[in-house]
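Since every read-out is calculated from the coordinates, none of them should be taken as a lab result. What you are looking at is a predicted structure, and each value in this text was computed from that prediction instead of being measured. Using ideal geometry, Cβ is built from the backbone for each residue, glycine included, and neighbour counts are taken over all protein chains shown.
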Amino acid sequence: VHHVQLESLLQLWLTLSLNSSSGSEESGSDIFLFNSSRVPTIPLNQASISSFLSVLAWYPNTSLRTWCLVLHSLTLMTNMPASASNSSIVVHESTAQQMVSDPMLVHVLVRFLSGSNPHGT
């Protein structure tokens, strides 16, 4: 049941984040084509991304569909401008650099590459 909720949440974020908001010339179906250079219209701060990685690292029975949505989401997140968790700190790292330095990313990649789901779904 939980994997369906995670899939739904990721699908909703992707749909809303890829929806053309600035008068782009893309047609409605083009928003679902993979474009690694897109910047999502719904930004997430570093704390949200870290929480997302933590959930993924320990999430049981992640389906292949969920992994596809996860990888698509992570790709888009790397294109977001970096945000500081403390307004007095000047951010010099990109969101991608912050994600790579997050220790949970290693756990997420190990789970993905090891195929730890015994049912293969």
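Computed quantities for the displayed model
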quantity	calculated
Distance (nanometres) between label positions extended 7 Å along Cα→Cβ at Asn79 and Leu12	2.3
Amide H partners (placed H, <5 Å) of Ala82, local residues excluded	Thr95
